[in-house]
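> Before I ask anything, here is the structure I am working with.
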Amino acid sequence: MSQSSTETLTASPGVAPAEPAKFVSMYQPHQKIYARSVTGLFVKWRWAMVWLTQLIFYGLPWLNWNGRQMVLFDLGSRRFYIGGLVLYPQDFIYLTALLIVSAYLLFLVTAVAGRVWCGYTCPQTVYSEIFMWIERKIEGDRAARMKLDASAWTTQRAGRLIAKQGAWIAFALLTGFSFVGYFTPIRSLGAQVASLGLGPWENFWILFYGFATYLNAGFMREQVCKYMCPYARFQSAMLDKDTLIITYDSERGEPRGSRSKKADPAKLGLGSCVDCNLCVQVCPTGIDIRKGLQYECIGCAACIDVCDATMDKMGYARGLVRYDTQNGLAQHLTRGERLRRIFRPRVMVYTGVLVLILTALSTSIAMRSPFKVDVVRDRASLARQVDDGQIENVYRLQIMNATEQVQRYRVTADGLPGLRLRDSTEVEVLPTEARWISLALRLPAESAAQAKPGAHEIHFDIERGASAGDEARSLREKSTFVVPR
């Protein structure tokens, strides 16, 4: 079509003119959400979780344990310290188990209480709450921010914008610094920052994590929850009609409409909803809870607090918007009846699996050996004949001390008649050290003559003597001894 699509097409004789073609965008333009501040019970709970999670995140790297940082993931030396636990990369199974526990715990909580994780403890929600608090302190509440954004550029507007962005950037960099403090000892990291002596990797990750915090919590906010977070998409698979969610009681609230405080809604033919739209204004994702369950709802309960405050002002009963279940709302269930429905098959399966995994994980950690051994054959010399016709194989052993005390280990071997170590081997390993040692096994000539050529299974026994507060331990590792043809 050579002409613009918005122009009316030339009609043929006897044919009515066609309607002008219109451009329909397939993308909905983003509208900035100005969330209104609110007070109430659930806001207090949300801020309590903000304080709790951030005290843990920012404070944990500064705690000491046995003269070292209590929680430290030292990637350079491949040591992971969590309290009294010293973990090696070979202990990756514990991280896997922890992720599985977290997943099942999330499934369980979602099946019982919907998206309370999103509303109260998700990092995206927590940091968005902090950034919005900074924004309100500098630019004012909803109406003031909307007025400021709609006004012309002035010195006052520019000053507030610079102050807000500066506060956001400072907080984001503090967050990035604390994050890197889990991987580089935070006290030495602080000294490097003070002396401007940060290494390239520390600089990169502080700026990267800080930028991610600044972008997600300062600008993207609800877009992360609505478009980027996969949890919002598959949560419906974990919800059922007995899951606790934020609901609007349409039976009580409809038909909605404004009225004076003294008016009798029954005479006006109205429900309890005064159509003030405050529930929409306080929602951090900008939805209208009166439209029913929506995947964008993060369960923060801001709409409950503001609706309860409105009901108080009007003299109506609270609970027009409340935590309830779909069955509870439809069948008018009592609180006791709703609680009894928690113990349903889905919840019991999640709980059972979670208990089993936690039991297995706790037992594995409790029975975990305080040291590990890897046996590697010396590839440069698989087998050789030495003095008096003896056959010698050379091995390398890595002994990893997972305690914070100096330990001594004794190595022996068996599996073939007369097999012995060339030198008696006792090894001292420093706290949390991984030490490589080389040792040689020899097979007497008479035993070698009777053994078939090829690889024979043998075992190394590594024994650790009893130490203060700990009993003797031993490990048995399998390897092979090669008899040449």
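> Taking the condition of being outside any helix (DSSP H, G or I) and small (Gly, Ala, Ser), how many residues in segment 36-75 meet it?
Total satisfying the criteria: 3.
> Sort out which residues of segment 62-99 are in contact with a strand residue (DSSP E or B) (Cβ under 8 Å, 6 or more places away or on another chain) and small (Gly, Ala, Ser), and write them in order of number.
Answer for segment 62-99, where residues must be in contact with a strand residue (DSSP E or B) (Cβ under 8 Å, 6 or more places away or on another chain) and small (Gly, Ala, Ser): GLY83, GLY84.
> Any residue at all in segment 326-337 that's acidic (Asp, Glu), assigned by TED's automatic domain parsing to the domain that holds MET311 and in contact with a Ser or Thr (Cβ under 8 Å, 6 or more places away or on another chain)?
No; the residues of segment 326-337 include none that is acidic (Asp, Glu), assigned by TED's automatic domain parsing to the domain that holds MET311 and in contact with a Ser or Thr (Cβ under 8 Å, 6 or more places away or on another chain).
> Would you point out the residue of segment 363-379, among those that are β-branched (Val, Ile, Thr) and in contact (Cβ under 8 Å) with a residue 40 or more places away in the chain, that is farthest from TYR94 (Cα to Cα)?
Here the answer is VAL375.
> Kindly evaluate GLY190 against the criterion of being more than 30 Å from MET314 (Cα to Cα) and assigned to a helix (DSSP H, G or I).
It is true that GLY190 is more than 30 Å from MET314 (Cα to Cα) and assigned to a helix (DSSP H, G or I).
> Scan VAL274, VAL224 and give me the residue that is of a type in the set (Val, Ile, Thr) and more than 29 Å from the chain's Cα centre (by Cα).
Result of the check over VAL274, VAL224: VAL274.
> Take the conditions under 30 Å from TYR227 (Cα atoms) and in a loop (DSSP other than H, G, I, E, B) and apply them to CYS300. Does it pass?
Judged against the criteria, CYS300 is a match.
> Now for a different question. Which residues, counting only those in segment 158-216, are farther than 24 Å from MET228 by Cβ, hydrophobic (A, V, I, L, M, F, W, C) and surrounded by 15 or more Cβ atoms within 10 Å (Cβ to Cβ)?
LEU161, ALA167, PHE177, PHE183, ILE186, LEU189, VAL193, LEU198
> Among the residues of segment 302-328 satisfying the criterion of being in contact with a Phe, Trp or Tyr (Cβ under 9 Å, 6 or more places away or on another chain) and aliphatic (A, V, I, L, M), which is farthest from ARG252 (Cα to Cα)?
ALA302
> Tell me, please, whether a residue that is assigned to a helix (DSSP H, G or I), closer than 24 Å to VAL38 by Cα and in contact (Cβ under 8 Å) with a residue 60 or more places away in the chain can be found in segment 260-280.
Yes, that holds for at least one residue.
Condition check ((1) within 20 Å of ARG46 (Cα to Cα); (2) among the small types (Gly, Ala, Ser)) across all residues:
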| residue | (1), (2) |
| --- | --- |
| SER258 | no, yes |
| LEU268 | no, no |
| ASP275 | no, no |
| PRO284 | yes, no |
| ILE287 | yes, no |
| LYS291 | no, no |
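> Tell me which residues, restricted to segment 143-187, are outside any helix (DSSP H, G or I) and more than 25 Å from the chain's Cα centre (by Cα).
Within segment 143-187, SER151, ALA152, TRP153, THR154 qualify.
> Sort through VAL406, VAL375 and tell me the only one that's under 36 Å from the mean Cα position of the chain (by Cα) and over 29 Å from ARG68 (Cβ atoms).
VAL375
> Tell me, which residue of segment 227-242 that is surrounded by 11 or more Cβ atoms within 10 Å (Cβ to Cβ) and outside any helix (DSSP H, G or I) is nearest to the chain's Cα centre (by Cα)?
This residue is CYS229.
> Within segment 421-442, how many residues are over 16 Å from ARG377 (Cα atoms) and either in the same structural domain as VAL86 (by TED's automatic domain parsing) or over 47 Å from the mean Cα position of the chain (by Cα) (or both)?
Matching residues across segment 421-442 total 2.
> Can you name the residue in segment 303-352 that is among the hydroxyl-bearing types (Ser, Thr, Tyr) and assigned to a helix (DSSP H, G or I) and, of all such residues, is surrounded by the fewest Cβ atoms within 10 Å (Cβ to Cβ)?
Checked segment 303-352; the qualifying residue surrounded by the fewest Cβ atoms within 10 Å (Cβ to Cβ) is THR351.
> A further question on this structure: Applying the selection to segment 193-226, what residues are more than 24 Å from GLU135 (Cα to Cα) and assigned to a helix (DSSP H, G or I)?
Matches in segment 193-226: VAL193, ALA194, PRO200, TRP201, GLU202, ASN203, PHE204, TRP205.
> Of the residues that make up segment 200-211, is at least one within 28 Å of GLN31 (Cβ to Cβ) and either free of Cβ contacts under 8 Å to residues at least 60 places away in the same chain or in the same structural domain as ARG290 (by TED's automatic domain parsing) (or both)?
yes
The values are calculated or read from the model by the stated rules, or taken from the named source; none is laboratory data. As the structure is a computational prediction, the values presented were derived from the model and not from experiment. Because the Cβ atoms are built from the backbone with ideal geometry, glycine has one as well, and the counts that use them run over all protein chains shown.
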